[in-house]
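The values are calculated or read from the model by the stated rules, or taken from the named source; none is laboratory data. Owing to the predicted nature of the structure, the values given are computational and were not obtained by experimental measurement. In this analysis, Cβ positions are derived from the backbone assuming ideal geometry, glycine residues included, and neighbour counts consider all displayed protein chains. Accessible surface is based on the protein model in full, side chains and every heavy atom, while ligands, DNA and RNA are left aside. Shrake-Rupley method; radii C 1.70, N 1.55, O 1.52, S 1.80 Å.
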Amino acid sequence: MRVSDLCLRYRRNDPWVLAEVALDLPPGSVTEVVGPNGSGKSTLLRVLAGLLPPTRGTVTGRPAVVGYAPERFPAAQPFTVAGYLRHLAAIRRADPEAVEEWTSRLGMEHLLGQRLSDLSKGSAHKVGLAQALLCRPGLLILDEPFAGLDSAARAEVALTVDAIAAQGGIVVASDHQGDLRALPNVTRYEVKDARVRPIATETAEPLLNLSVRLPLSRAGLLAAQLRAEGHEPLLSQDDQVGADTRTPEAAE
Ligand SMILES: Nc1ncnc2c1ncn2[C@@H]1O[C@H](COP(=O)(O)OP(=O)(O)OP(=O)(O)O)[C@@H](O)[C@H]1O
């Protein structure tokens with residue numbers, strides 16, 4: 001997929017939100033866009049998804065199936081979660097099991113009977129992600145996908161991004177949380193002053209994923225130290241936490 005000489009402004013005579021943007025998004029790539037608030041990340045993502053026409057320039061080679069998860073899911077709709085997702089699955093001709101698959105993977109089966117308008121912010125965000133994933137997208141656009149998600153869902157979204165790219169799909173996401181950086185081969189661009197520029201990788205040295213298990217009480221301090229050094233630690237809680245920790249003898 002290729003973006004050439006893309007310029008966008010919302011109204012005639014308004015300042016350009018995006019100017020002379022050129023991007024190459026090859027199959028199998030994961031691209032992260034960063035930038036200050038209001039710099040144009042969501043605008044760029046909507047143009048890539050085909051939801052907003054560029055004022056000038058072109059987007060070519062967009063895969064036929066596009067999944068788009070907005071930063072804020074519009075929850076003020078008179079449907080239940082199940083009704084909404086099943087309706088979308090039907091009109092997008094998704095697998096009949098897709099709704100069950102994604103609600104289970106995102107840990108939201110218990111929400112199926114709830115009205116969209118009654119959902120918490122994080123739950124509504126999960127519905128936005130689920131609808132984007134129903135159709136196995138060839139292009140997946142995620143606007144702040146990790147915001148407000150519990151750790152299990154965050155890990156699931158990161159795995160899904162990795163799997164879609166491994167199958168030759170294209171993923172583009174904004175991600176203030178930095179969860180995507182735990183994935184290998186993520187290309188980063190900064191959106192600033194209407195331009196979109198690649199961010200150079202800091203080092204040519206090979207990178208390594210280091211996984212550490214430690215008590216919850218010490219994790220916060222270590223994570224803070226790592227962040228102070230410019231790393232982005234990916235935290236996930238052990239499944240065993242909260243389980244019966246007595247020895248088998250004591251439990252009898
Ligand atoms: N529908 C719209 N009509 C007019 N202007 C808009 C519209 N949507 C966004 N803008 C303007 O375009 C600029 C870029 O907004 P955008 O939402 O793309 O930024 P962003 O980088 O995603 O911000 P944030 O990090 O806060 O989510 C802002 O000045 C915003 O006010």
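Observations on the structure shown:
- Residues of type lysines that K192 reaches as a straight line, Cα spacing below 26 Å, ignoring anything fewer than 8 places off in the same chain: K41
- Simple rule: put +1 on each Lys or Arg Cβ and -1 on each Asp or Glu Cβ in the chain, find the dipole, and look at M108, A219, I91; the Cα lying farthest toward the positive end is I91.
- Projecting the Cα atoms of G28, I141, T43 onto the charge dipole of segment 2-208, computed from C-beta unit charges around the Cα centre, puts T43 farthest toward the positive end.
- DSSP beta bridges in the chain [antiparallel fraction, %, rounded to 5]: 40
- A simple charge model with +1 on the Cβ of Lys and Arg, -1 on the Cβ of Asp and Glu and nothing else charged puts the dipole of segment 1-116 at about 500 debye relative to its Cα centre.
- This model, with +1 at the C-beta of Lys and Arg and -1 at the C-beta of Asp and Glu, gives the chain a dipole about its Cα centre of some 1220 debye.
- Sequence of S236, S104 when ordered by accessible area, the most exposed leading, probe 1.4 angstrom: S236, S104
- Looking at segment 93-163, the GluC sites (Glu not before Pro) that sit in a DSSP loop and have at most 16 other Cβ atoms within 10 Å of their own Cβ are E97.
- Test item: Cα-centred dipole of segment 129-202, Lys/Arg +1 and Asp/Glu -1 on Cβ, debye: 240
- Structure-based [θ]222 nm, the chain - -39500 (n - 2.57) summed over DSSP H runs of at least 4, per residue, nearest 500: -9000 deg cm²/dmol
- Comparing Cα centroids, segment 110-133 and segment 138-182 end up 17 angstrom apart.
- Accessible surface of the chain [probe 1.4 Å, protein heavy atoms]: carbon and sulfur percent: 51
- The candidates V34, V172, arranged from most to least accessible area with a 1.4 Å probe in the full protein assembly, appear as V34, V172.
- Rounded to the nearest 10 Å², the accessible area of D179 at probe 1.4 Å: 10
- Taking Cβ atoms as reference points and 13 Å as the exclusive limit, the residues near G61 contribute a net charge of +1, counting Lys and Arg as +1 and Asp and Glu as -1.
- Among L159, V172, A194 - extreme Cα towards positive end, dipole of segment 146-197, charges at beta-carbon: A194
- Space enclosed by the convex hull of the alpha-carbon atoms of the chain, per residue, Å³: 173
- Exposed-site-free run, longest, the chain (rule: trypsin sites (Lys or Arg not before Pro); DSSP loop; at most 14 other C-beta within 10 Å): 94-212
- Accessible area per residue, Å², the chain with all protein chains present, probe 1.4 Å: 58
- Largest first, the residues L221, L139 sort by 1.4 Å accessible area into L221, L139.
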